[in-house]
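Single-structure report; data block below.
No lab work stands behind these numbers, since they all come straight from the coordinates. Just so we're clear, the structure is a prediction, and the values are computed from it rather than from any experiment. Using ideal geometry, Cβ is built from the backbone for each residue, glycine included, and neighbour counts are taken over all protein chains shown.
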Amino acid sequence: MKHGITPGRIAWLATALTTLLVVPASEAFAGKTYQASITRTTYGIPHITARDWRGVGYGVAYAYAEDNLCLLAEEIATVAGERSRHFGPENKATLGFQEVDNLSSDVFFRAVIDLPALQQAARSLTPRARELMEGYAAGYNRFLRDAGTAGIPAECRGKAWVRPITTDDLLRLNEKQMLLASSLNLAPAIASAAPPGSPPPKVAIRLPEPGELGLGSNGWAFGGDATADGRGLVIGNPHFPWQGPSRFWQMHVKGPDGYEVMGVGLAGTPLPTLGFNKDAAWTHTVTAARHFTLFQLKLDPADPTRYLVDGTSEAMTPRTVTVPMPEGTPPVTRTLWSTRFGPVFVVPARGITWNTQSAFALKDANRGNQRAVEAWLRIGEAKNVAEIKAAVSETLGIPWVNTIAADRYGDALHADVTAVPNVSAEKATACATPFTPLFAELAVLLDGSKSACDWDAANGTPEPGLMPASDQAATIVRDYLTNSNDSYWLSNPRLPHRRLSPMMGAHAARLTLRTRSNFIETEAMLAAGKVDHARAKALAFANKSLAADMAVGEVLALCAAASAPAADVARGCTALGGWDRRFDSDSRGAALFREFWAKVGTMAGLWAVPFDPADPVNTPRDLATDKQGDKLLAALGDAAVALDKAGIALDAPWGSVQHWRAGDERIPIHGGPGTAGVLNYQDARPAPGGGLVPVHGTSYIQIVGFDAAGPVADALLSYSQSTNPASPHYADQTRAYAAKQWHRLPFRQRDITAQRIGKTRRIAE
């Protein structure tokens, strides 16, 4: 296996170096509208410096296009509603965290994204936010010009969907990102809604399962009372897809007015959204709060495209869109319908239909949310966690993630403060309909026939109908706070939060095994000594399974008590007995437990001790072996048979089963299923050629503390910076992740100089 510089990589580097304008700064920037300098360091991390916000966007976009042009170009085609034309209507697009057919995707973006409204709202943005977008479009287009046909990666060279972009494209892309964990996941249901008498939908439509609206993440903020040096420390461990537009990308940005932030952003993001500055560090986890509600409409008996509110008939608003198809195929035209509450949607398989009596609409708190850029700008400027709290509270621009932060002064923050509908528990109860229980795990369903059931307006919010930050959850401590995607109510086992609106998530509810593992492992770490970088690294990559700790011993006891177990059960018992109960690459038996736990983890009556809200970290527990013993052993035997069929040995090293392919190279990937209580979460699916390949899970992971001079940060990007197979940074960090080799990020100039790759490059126009 060759890991060195290949001819293709040499060519890629040559192109990257020669297509940039390499001249003294005074010459490059004189009289120019856009300017930026780009220095690459170890693993290809770009350090972008600009004198103004246009330059920041310009440099970020150029550097991003160097690494991920094809990915971003495809995203631009997606949000423009052009996937059917370029990729075929029946092929798939990744929207939110699921795949949908391209035609549904195109209809959704052409009908639901209101570009004129976005353009109007953009005019009210701060000048720097507008300049960032303008610069980003210019930087991307500059790269296209410089690259020419030869400089475009082979995967998208000569494709019609690789084109210059405008700020309109970025407005659409931002809108998609805002809806990522909410209504975007109902795109097929919206795109297929039609009045009674229309032909049935041609695509399968389903409601997202609980937990599908967000992939998850872990985040820790340790205050000065919990750290070895008395300063704050953050562990950021977002769980995001390994492929597609929601991959993170590392950058270090220095802009005007002392702005300097290092971290990661998604495709089209003009600045880091998760990272650190010289005074504070922050991370995000997908929140359990709900960012949309559903409304059941009572229709006008005379016209199913009209609905009654307080007894008065209102007309739905039709919007007809035409989706271009591949050459030679006529375009597809559809009319979608919207209400004061938002677009109509259908899920026929769940009885959610549009008939002559009723229909259903969706209202999303993040629709039109362009406040996010300003929120992250303010977070990046923050000198302490109080200023981070103010940024998220005053803008309500963070769309669907918790904010977890610590500062050099030793304060720690957990802020579950996002764009949430302002619906109280009393209103949710008073406005329920007979259909409300059908949606309970997905969303709150309200009675759309009563205007009083719409969201409440509150003073001081940037948009009417949003829940004020004062009614959401924000805590600052000197100890620690953490979140692994359970609700706001417990971010430290000793500090339960007061009950809030059900829009914020469940209170005093059963925790996931991953959250319980988080609390158990964090408390154990702190009991052994205060946290520092070394202890934080051990916590992040321990790869322990709480489910295994709770279940394996009892299953092995069942094995020992069985008088004549079936051969498959006996083999499973032997393999499970030799497992170290971790998902490290050299762990033998992990694949068997993964298969076994997938079969029994949600079994009714699994636990002898039920959940107790007074002891949420330690309950439920103890397998009900007296009642479920036979089923547990049978499941173990079935798991052994399943591995046999997949060609996986029961005691195969985990890294030989779960791996990432970079060309012909198989890179072992540690980490395991969150459902088994593994903090280093990797959701894997069957891979071509056998084994498993990670689909989403640990992506960017950072450990950030502070010394007297500034931040001290170790980090890894599990899937590496570039999606271009010809890039030297296609899999270099993936190998480092496999080896648990952390990278000390160069934030200070002397460290940037020490890690520099090639010359600093200056671009201007």
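Quote the relative contact order of the chain in percent (integer), defining contacts as alpha-carbon pairs under 8 Å separated by 6+ residues.
Details: 1748 pairs, mean separation 126.3, N = 765.
Taking the mean separation of contacting Cα pairs over the length of the chain, I get 17 percent.
The alpha carbon gyration tensor of segment 151-197 gives principal lengths a ≥ b ≥ c with a/c of 1.5 or higher and a/b greater than b/c, which makes the shape prolate. Ordering 153, 545, 432 by the projection of their Cα atoms onto the charge dipole of the chain, which places +1 on the Cβ of Lys and Arg and -1 on the Cβ of Asp and Glu, puts 153 at the extreme positive end. Summing charges over neighbours of residue 644, with a neighbour being any other residue whose Cβ is under 11 Å away from its Cβ, gives -1 when K and R count +1 and D and E count -1.
Taking the mean number of other Cβ atoms within 10 Å as a proxy for protection, how do you rank 667-673, 625-631, 339-345, 411-417 from highest to lowest?
Details: 667-673: 24.7, 625-631: 14.1, 339-345: 22.3, 411-417: 28.0.
So the peptides 667-673, 625-631, 339-345, 411-417, ranked by packing, come out 411-417, 667-673, 339-345, 625-631.
Neighbours of residue 288, meaning other residues whose beta-carbon lies under 12 angstrom from its beta-carbon, give a summed charge of -2 when Lys and Arg score +1 and Asp and Glu score -1. If you take the Cα centroid of segment 504-540 and the Cα centroid of segment 394-458, the two points sit 26 Å apart. Is segment 607-765 best put as rounded, prolate or oblate by its Cα gyration tensor, with a ≥ b ≥ c the root eigenvalues, rounded for a/c under 1.5, and otherwise prolate when a/b is larger than b/c, oblate when not? Note, shape of segment 607-765 comes out oblate. Bridging of residue 176 to aspartates and glutamates at a Cα separation below 15 Å is possible for 74, 75, 82, 99, 106, 114, 168, 364, once same-chain residues fewer than 8 apart are set aside. Given +1 at the Cβ of Lys and Arg, -1 at the Cβ of Asp and Glu and no other charges, the dipole of segment 475-616 around its Cα centre is 340 debye to the nearest 20. Packing, as the average of other Cβ atoms within 10 Å across residues, places the peptides 149-160, 603-614, 490-501 in the order 490-501, 149-160, 603-614, highest first. Working note: 222 nm ellipticity from helices only, DSSP H runs with n ≥ 4, each -39,500 (n - 2.57), summed and divided by the residues of the chain, gives -9500 deg cm²/dmol to the nearest 500. Distance from the alpha carbon centroid of segment 469-487 to that of segment 725-745 works out to 32 angstrom. For residue 627, which lysines qualify as cross-link partners when the Cα separation must be under 25 Å and same-chain residues fewer than eight apart are set aside? Reachable lysines: 599.
May I ask you to compute the full-extension gain from residue 627 to residue 561, defined as 0.36 nm times their residue separation minus their alpha-carbon distance, rounded to one decimal in nm? Kindly include the intermediate steps, with their values, before the conclusion.
On the way: separation 66, 0.36 × 66 = 23.76 nm, distance 1.46 nm.
Between residue 627 and residue 561, full extension yields 22.3 nm more.
Annotation: amide H-H contacts under 5 Å for residue 607 (H modelled 1.01 Å from N, sequence separation of 5 or more, or interchain): 624. Karplus-based coupling profile of segment 590-606, in residue order and whole Hz: 4, 4, 5, 5, 4, 5, 4, 5, 4, 8, 10, x, 10, 4, 5, x, 5, with θ = phi - 60° in 6.51 cos²θ - 1.76 cosθ + 1.60 and x standing for Gly or Pro. In summary, the lysines within cross-link reach of residue 278, defined as a Cα separation below 28 angstrom excluding same-chain residues under 8 places away, comprise 254, 383, 389, 530, 537, 740, 759. Each residue of segment 715-722 is assigned a 3J(HN,Hα), and the resulting list reads 7, 8, 10, 4, 9, 6, 6, 10 Hz, derived from the Karplus form 6.51 cos²θ - 1.76 cosθ + 1.60 (θ = phi - 60°), x at Gly and Pro.
Working ranking of peptides 81-88, 533-540 by packing, defined as the average number of other Cβ atoms within 10 Å per residue, highest first, is 81-88, 533-540.
Net charge of the neighbourhood of residue 624, taken over other residues with C-beta under 15 Å away and scored Lys/Arg +1, Asp/Glu -1, is -1.
Basic side chains Lys and Arg get +1 at the Cβ, acidic Asp and Glu get -1 at the Cβ, and with that the dipole of the chain about its Cα centre reaches some 1300 debye.
Around the Cα centre of segment 173-279, unit charges on the Cβ atoms of Lys, Arg, Asp and Glu (plus for the first two, minus for the last two) sum to a dipole of about 420 debye.
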